[in-house]
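The values are calculated or read from the model by the stated rules, or taken from the named source; none is laboratory data. Everything numeric here is computed off the predicted structure, so don't read it as measured data. Here the Cβ positions follow ideal geometry from the backbone for every residue, glycine too, while neighbour counts run over all protein chains shown.
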Amino acid sequence: MKKILLIIESSAFANAKARESHDLLLALAAVEHQVSALYRLAGVTQLLVTANSGAPIKDFTKSQKLFSLYDIGTIYVCADSLASYQLTADALNIMVEPVTPMEQQQLIAQFDEVILC
């Protein structure tokens, strides 16, 4: 069983890439990998509670609450990205662990595979 970290950088509803990274996270967890995610840059917007008004793709963010059922590990979020969007961890859809850029480098080193989404 590999430890896999997905680094998610795509904004929530700009294109299908955000949905695909979400699906990949669930799929890897379903096949017995130890999976965690790091949301950074525009990817932090995927963690917001949204109304999805007029977005070109279906709102998939509600299913983030299923992460614990899939035994997805810790969900990390870049503290600098939160600050740049004037957000706090409390404003997000799910529980996250904020990490600084220095902590991100240490975190990445702990995983067997890192996938940039």
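Given the criteria in a strand (DSSP E or B), surrounded by 13 or more Cβ atoms within 10 Å (Cβ to Cβ) and at pLDDT 85 or above, does A37 qualify?
yes
Among the residues of the range 62-91, which ones are of a type in the set (S, T, Y), modelled with pLDDT under 80 and in a helix (DSSP H, G or I)? If the condition is that a residue be of a type in the set (S, T, Y), modelled with pLDDT under 80 and in a helix (DSSP H, G or I), then S63 is the only one that fits.
All of (1) surrounded by 12 or more Cβ atoms within 10 Å (Cβ to Cβ); (2) in a loop (DSSP other than H, G, I, E, B); (3) of a type outside the set (D, E, K, R) hold for Q110 with one exception: (1).
Applying the set (1) under 17 Å from F111 (Cα atoms); (2) surrounded by fewer than 15 Cβ atoms within 10 Å (Cβ to Cβ); (3) modelled with pLDDT of 85 or more; (4) not hydroxyl-bearing (S, T, Y) to M1 leaves exactly one unmet item: (3). For the range 22-34, a residue qualifies if it is closer than 14 Å to L69 by Cβ, within 13 Å of the chain's Cα centre (by Cα) and surrounded by fewer than 20 Cβ atoms within 10 Å (Cβ to Cβ), and exactly one does: L26.
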